[in-house]
Amino acid sequence: QVQLVESGGGLVQAGGSLRLSCVASGRIFSINTMGWYRQAPGKQRELAAQITSGSTTNYADSVKGRFTITRDNAKNTVALQMNNLKPEDTAVYYCHMVASLYGTPGNYAYWGQGTQVTVSS
């Protein structure tokens, strides 16, 4: 019943920018951590960026200085601003959320279906 809907993926040339957004819906009581994972062809899934409930951010070394993750708690959204994109950033990006729901104790992880980001050289 919880949905994470991503948007903003697409094709862009190297050096360009994209902004990914993820909107969480459902009977969400509180959100702990939100983040973006990515999986490139032939590679394992990796954490690109995450942001805690206290707005502490963490980035993969490969994206530091280029990506910025933000969240809007009132709207249950998380965004990933991606600047100076490189072909190596090409991947499916997945929104991830750790949250608690009304009537259900504890925190659980939820995933979006992913959005394709393709960066041409």
Inset, instruction - Would you confirm whether any residue within the range 90-103 is over 20 Å from residue 118 (Cα atoms), of a type in the set (A, V, I, L, M, F, W, C) and part of a loop (DSSP other than H, G, I, E, B)? - result: no
Inset, instruction - State all residues of the range 60-80 that are within 25 Å of residue 12 (Cα to Cα) and open to solvent by 50 Å² or more (accessible area, probe 1.4 Å); if no residue qualifies, say none. - result: 61, 62, 64, 65, 68, 70
Legend entry - Every residue from the range 58-91 that is in contact (Cβ under 8 Å) with a residue 60 or more places away in the chain and hydrophobic (A, V, I, L, M, F, W, C): 79, 80, 82, 85
Legend entry - Candidate set: the range 12-57, residues that are in a strand (DSSP E or B) and over 17 Å from the mean Cα position of the chain (by Cα); chosen: the one nearest to residue 112 (Cα to Cα): 28
Inset, instruction - Filter the range 18-75 for residues that are over 15 Å from residue 97 (Cα atoms) and of a type in the set (Phe, Trp, Tyr) and give the result. - result: 59, 67
Legend entry - Flag if residue 112 is in contact with a Phe, Trp or Tyr (Cβ under 9 Å, 6 or more places away or on another chain), closer than 20 Å to residue 16 by Cα and not β-branched (Val, Ile, Thr): no
Inset, instruction - State yes or no: is residue 103 over 12 Å from the mean Cα position of the chain (by Cα), small (Gly, Ala, Ser) and either modelled with pLDDT under 95 or surrounded by 18 or more Cβ atoms within 10 Å (Cβ to Cβ) (or both)? - result: yes
Inset, instruction - Could you tell me which numbered condition residue 108 fails, if it satisfies all but one of (1) surrounded by fewer than 20 Cβ atoms within 10 Å (Cβ to Cβ); (2) in contact with a helix residue (DSSP H, G or I) (Cβ under 9 Å, 6 or more places away or on another chain); (3) among the aromatic types (Phe, Trp, Tyr)? - result: (2)
Inset, instruction - Filter the range 104-121 down to residues that are in contact (Cβ under 8 Å) with a residue 60 or more places away in the chain and hydrophobic (A, V, I, L, M, F, W, C) and give me whichever is nearest to residue 34 (Cα to Cα). - result: 111
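The values are calculated or read from the model by the stated rules, or taken from the named source; none is laboratory data. Values in this document were obtained by computation on a predicted structure and should not be read as measured data. For neighbour counting, all protein chains shown are included, and Cβ atoms are generated from backbone atoms with ideal geometry for every residue, glycine included. Side chains are part of the model used for accessible areas, which takes the heavy atoms of the whole protein and leaves out ligands, DNA and RNA. Shrake-Rupley method; radii C 1.70, N 1.55, O 1.52, S 1.80 Å.
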